[in-house]
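Q: Sharing a structure below in C-alpha cells format, with a few things to ask.
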Amino acid sequence: MPTEAKETPFTLAKAAKGDKPVKKRETDSADAAEQSPRKKVKTDEQDVKPTDADKVDSKPSTSSSASTKPAASSFFAPRSSKPAESSKGKGKEKEELRNGSADEKDGKDEDGDEEMEEVKVKRAGKDASESPSGAGEEDEEEASDDEKEQEQEQEAAVKIADIFTKASKPDKAQTSWKAGEPVPYAALTATFSKIAATTKRLEISAYLTEFLVNVIDKTPEDLLKTVYLCINRLAPEYESIELGIGESLLMKAIGESCGRTLAQVKAEYKKIGDLGEVAFNSRTRQKTLFKSKPLTVRGVFDELKKVAKTSGKDSQGRKVGIIKALLAKCEGEETKFLIRSLEGKLRIGLAEKTVLVSLAHAAVTAEHYKADNKKSRGQLASQLEFGAEVVKAVFSEIPSYDLVVPALLEKGVDNLKEACSLTPGIPLKPMLAKPTKAISEVLDRFEGKQFTCEYKYDGERAQIHYLEDGSVRVFSRNSEDMTVKYPEFVTQLPRCIKEGTRSFVIDAEAVAWDTEEKRLLEFQKLSTRKRKDVKVEDVKVKVHLFAFDLLYLNGEPLLEKNLRERRVLLREHLQPVEGEFAFAQSEDASTVDGIQLFLDKSIKDGCEGLMVKMLEGEGSSYEPSRRSIHWLKLKKDYLQGVGDSFDLVVVGGDYGKGKRTNVYGAFHLACYDAESGTYQLICKIGTGFSDEALKQHYDTLKPLELAQKKAYYDVGTAKGPDVYFEPRVVWEVLAADLSLSPIYSAAKGLCGDRGISLRFPRFIRIRDDKDPESSTEPEQIAEAYRRQSIQSGGGKKGKGGTADDDFW
DNA sequence: TATGCCTGCCC
DNA sequence: ATTCTGC
DNA sequence: GCAGAATGGGCAGGCATA
C-alpha cells in the first residue's frame, strides 16, 4: 500500500540523518521508563516500536538539535514565499503546482514595485548590508553559552545606541514628513517593509525604534496610534473593541475593490497564502487617475476604529464600504499592510514584546537627543536596556497603551514606574507556565528549591479584582473583561472575604461545577455559559472558583513577595465557601513518586494535571506575562509515552498560509469504520510538524490529491478541506482529551448523537507500518471518550466543613 | 422565525 | 491551546 | 529561553439570508 511517493526522499533522508542521533538530553528512554506506558488507542495491541525514520520524524529535537551542525540550514527561509524556494529545485515543482505561472510578479510597472523587488531579493540573498546596525552585524555562529548571551546582549545594546548616535540617513520622499504634520501611513508601512525583510530581532527592533523616534520628534501626538497600528490593536484588550472583520468579509472587500470576483480572490489567496499580497497584486490601475490625499497613520487608525464600531443591520456592508474606501487610497505597499492589519496579523516578525522594547528605546533615544549633553555610548546603551525593562514591567502591570504611551511621553522612562503601576480595576498580565516533558525535568529545574504542586483545573483563568468600593471585575487570561459573564461573583465573593480584607486581586480558575454531585465538570460545559447580558437568575452552569494566587491586597501590590508569602496572605484573607470558592488543591511534593501520585490524583479528579511552582527564592515572585520557567505545567499528555494517541488517516489538506505557503498548512484526519466502510472525519491537525516534515508531507500527499471527495468519506457537517486525498497515509496523533463534536462524525452513535473529536491534536509521527483500514477504530475512540469521564467527587469529600472544601 | 456563516475568544 | 524556529 | 507565527476544537453572539 505505501506508494512510491511515500517512501521517497523523506524516509531515506530521515533514516540517514537518524544514523547519528546524538542525544542532547535523554528524552525517550529514561523518561518513558519512568512513566506508565501510554495508553494506546490503537488497533495493534503490541506497541510497535517506532522505526528510526519515524523517530527522527516525530522528534526532530532529538536528532537535529544535538548535532552541532546547523541542520536547519537546509530548510527554506521561513518567511519568504518564493525566491528562496525557487532556488532549490524542489520549490520549482511546487510553484508550478500552486502558483501557476510565475511571471505574474514581473509584469508590473506600478510604483512601489521596485521597492518590493528589492526587498525580495534581499530576503533571498540574505543580504543584510542595509541593516541599520550596519554590515558589521555579527555572523552569528551558534553561541548559546550564558556568558556569550550576556555579551551579546550588551553588544546589542551598544549597537542600538550606535545607530542613534549616528546621524540618521535622509528619508525617502514619501516616507518623511515635516514636524507637526500627521505621520504618513506610507512612512509606517515602509518601516514594516524593512522589518519584513529581516528575521534578526535586533534589526527589527532597531527599524521600529528609528521610526518611533521620528514620530516622537515630529508628531508625538500620533505616537499612540502608531503604536496601536504596530501591535494591530484598536484599544486595550479589556475594552473589547473588535473589528468584526475576517477573512470572508475581507475577501469580499478586496474583490469589490479590485473588480474581481470572490472566486478569483479566493483562488489567489489559496495560491499566495496572504490576502495582503492578493490585494497588492490585483490592484487595478484606475484609481491612479486621481491621486487622493495620502493616507495618514491617524486617518487609517480612525477608520479602523470606525469599522469596529459599525454594527447593526447592514453593518457588514458598511464595514466593507469603509475598507474599500481605504483601499482606494492606498499606494503601493500600503495595500498589503492595510489588509494584513485587518486580518489581524502583520506577520512581519514584529509583535507586542518587540514593540514595547522599541517604544522604550525610542523614548530613551528621543530624550537623549533633547538633552544636549550627549551621553557616552555605554551610558546610552544601559539607558536603553533600563528603559526596555521599565516599559515591559510597567506594561505588564497596566497593559494599556492609552495610559502608558502618554505617561511615557510626559514623564519619561525614569518616572514611568511611579506614574503607572498595578491598579485594581485594570487587569495585569497573568503569569504563565512552561510545559514540562517529564517529572524528572521538574526535579532538575527545581533541584534543592522549595516548590509546590497545585491542581491544574480545566476551566477559565479568572483574575478577579475586588475594589474598596465593593465592586468586582473579572479578567480573562488575555485581559478581556469577563465581568458580565460572571454576575454571581458579586454576591458570592463577599462570602469568602474575611474581615479586614478591603481590596484584592486574586488569580484563580473558574470551573464548571455540578452542584448536585459536588464535582467538577468538563471545560466544554463551562464554555456553554452565556457571555453577555448574563443575569444571575438564568445562569445554568454554576461555577466554582479555585484561587491560587494573591497579587494585591488592601492597597498593596504583592508581586514582589514570594509565593509562600502570597499564599499565606491568600489563605489568611479569604476563606473557602462550599461549592463556590476554594483554594487550589496543593501539595508540596518533592519526589518523583510523590509528584506522580499527585498528578494521577489530579487527573482522577477531573483536572488537566499539575502546576509546579517555586515557593521561595529567585523566581518565586509573580512575574506578569513571563512564560516563566518558574511555573511549570505538567500534563499527562506531555509526558513521554503517556496520554492518548491515535492512528488516523490523512484524507484532506488545506493550503498553508504565511510561512506555510506552498505546502499544506493543515490536514484533515479520519478513522476507519469497518462496519460501514466509511472514513469518519475526526479532526484537523496543524501542529507538531517541522518545516521539513511539512514539505515532505506535501510531496507525499500531493500525488494523492483527488478531484473529488470519496463517497465513503463521512465529513459530518465540517467544512471540507481544500483538497481530498486517497486514504493511504496514517499518522500517529496525540491529544489531550476527546470531545463530543457538533461537526465531526467519528464514532457517531457510540456516545450519543454526536461524533467525537480531539482536543489539542498534534502530529507525532508517520505510521508507515499501518494501512488506513487498520487505523484506530471508532469503538476505540468511543472507549477513550468514556474512560475520561470525571469521577464523582462525592466519595472523597466528607460533608461540610472547611477542611473538606480545602480538598478541592 | 429558523438556520447558517462568520468572528472573537476560551482552552 | 501545541509546536517549531531564528535569534 | 524568548518571541513570533503557524496551526487545533468548540462555544456564544451578531448578522445575513432562507
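Q: Do any chymotrypsin sites (Phe, Trp or Tyr not before Pro) in the stretch A:215-294 lie in a loop, going by DSSP, with at most 15 other beta-carbon atoms within 10 Å of their beta carbon, and if so which? Don't skip to the answer; put the middle values down first.
A: Details: sites: A:228, A:238, A:269, A:280, A:290; in loops: A:290.
Answer by residue number: A:290.
Q: Distance check, please: which entries in A:309/A:659; A:604/A:635; A:306/A:719; A:270/A:702; A:370/A:411; A:306/A:659 exceed 21 angstrom between their Cα atoms?
A: Pairs exceeding 21 Å: A:309/A:659; A:306/A:719; A:306/A:659.
Q: How charged is the neighbourhood of residue A:218? Take every other residue with its Cβ under 9 Å from the Cβ of residue A:218, and add Lys/Arg as +1 and Asp/Glu as -1. Walk me through the intermediate numbers first.
A: Working: positive: A:178; negative: A:181, A:217, A:222.
Result for the neighbourhood of residue A:218: -2.
Q: Calculate, for the stretch A:239-343, the solvent-accessible area per residue in square angstrom, rolling a 1.4 angstrom probe over the heavy atoms of the protein chains.
A: It amounts to 46 Å² per residue over the stretch A:239-343.
Q: Rank A:523, A:192 by accessible area, highest first, at a 1.4 Å probe radius?
A: Numbers: A:523 75, A:192 0 Å².
Correct descending sequence by accessible area is A:523, A:192.
Q: Of the heavy-atom accessible surface of the stretch A:239-343 (probe 1.4 angstrom), what whole percent is carbon and sulfur?
A: Solvent-exposed carbon and sulfur of the stretch A:239-343 make up 53 percent of the total.
Q: If I model a spin label as a point 7 Å beyond the Cα along the Cα-Cβ vector, how far apart are those points for residue A:266 and residue A:709 in nm?
A: According to this spin-label approximation, the distance is 1.4 nm.
Q: Let me ask another. Sequence-distant or interchain residues sharing an amide H contact under 5 Å with residue A:482, placed H: which?
A: When sequence neighbours closer than 5 places are left aside, the close amide H contacts are A:474, A:475, A:476.
Q: For the stretch A:640-726, which GluC sites (Glu not before Pro) are in a loop by DSSP, counting at most 13 other Cβ atoms within 10 Å?
A: Loop-located and lightly packed - A:675.
Q: By the scheme Lys and Arg +1, Asp and Glu -1, what is the net charge of all other residues having a beta-carbon under 10 Å from that of residue A:460?
A: So the surrounding residues net to +2.
Q: Now for a separate question. Past the 22 Å Cα-Cα mark, which pairs from A:218/A:417; A:429/A:633; A:271/A:291; A:218/A:319; A:540/A:633; A:345/A:657?
A: Beyond 22 Å between Cα atoms: A:218/A:417; A:271/A:291; A:218/A:319; A:540/A:633.
Q: Which log10 I(q)/I(0) values does the stretch A:650-791 give at q = 0.10, 0.16, 0.21 Å⁻¹ under the Debye formula, counting every alpha carbon as one identical point scatterer?
A: Treating every Cα as an identical point scatterer, log10 I(q)/I(0) equals -0.31, -0.80, -1.36.
Q: Now for a different question. Sort A:767, A:495, A:759 by heavy-atom solvent-accessible area, probe 1.4 angstrom, most to least. Walk me through the intermediate numbers first.
A: Values: A:767 0, A:495 115, A:759 45 Å².
The ordering from most to least exposed comes out as A:495, A:759, A:767.
Q: Sticking with this one: List, in order, the whole-Hz ³J(HN,Hα) value for each residue of the stretch A:470-482 obtained from phi through the Karplus relation with A = 6.51, B = -1.76, C = 1.60 and θ = phi - 60°; use x for Gly and Pro.
A: Using θ = phi - 60°, the values come out as x, 7, 10, 10, 10, 10, 7, 3, 9, 6, 7, 7, 10 Hz.
Q: Given an 8 Å cut-off on Cα distances and at least 6 residues of separation, report the relative contact order of the stretch A:449-537 as a percent.
A: Reported as a whole number, the value is 34 percent.
Q: Let me ask something else about it. More than 25 Å apart: what percent of Cα pairs in the stretch A:239-343 qualify?
A: More than 25 Å apart: 15 percent of the Cα pairs in the stretch A:239-343.
Q: Using a/c under 1.5 as the rounded threshold, could you call the stretch A:432-638 rounded, prolate or oblate? The axes a ≥ b ≥ c are square roots of the C-alpha gyration tensor eigenvalues, and prolate needs a/b larger than b/c, oblate otherwise.
A: oblate
Q: Something else about it: Classify the stretch A:351-484: rounded, prolate or oblate, from the alpha-carbon gyration tensor (a ≥ b ≥ c, eigenvalue square roots; a/c under 1.5 rounded; otherwise prolate if a/b is larger than b/c)?
A: Oblate shape, in that a/c is at least 1.5 and b/c is the bigger or equal ratio.
Q: A further question on this structure: Quote to one decimal, in nm, the extra length available between residue A:530 and residue A:414 on full extension: 0.36 nm per residue of separation minus the C-alpha distance between them.
A: 37.3 nm
Q: Could I ask something else about it? For the stretch A:301-372 and the stretch A:408-428, what is the centre-to-centre distance using only Cα atoms, to the nearest Å?
A: Answer, in whole Å: 24.
Q: Between residue A:462 and residues 5 or more places away or on another chain, which pairs have amide H atoms under 5 Å apart, with H built 1.01 Å from N, and which residues are they?
A: A:508, A:509, A:510
The values are calculated or read from the model by the stated rules, or taken from the named source; none is laboratory data. From a predicted model like this one, the values you see are computed outputs, not experimental measurements. With ideal geometry, Cβ positions are generated from the backbone for all residues, glycine too; neighbour counts draw on all protein chains shown. Quick note on the areas: whole protein, heavy atoms, side chains included, nothing else; ligands and nucleic acids left out. Shrake-Rupley method; radii C 1.70, N 1.55, O 1.52, S 1.80 Å.
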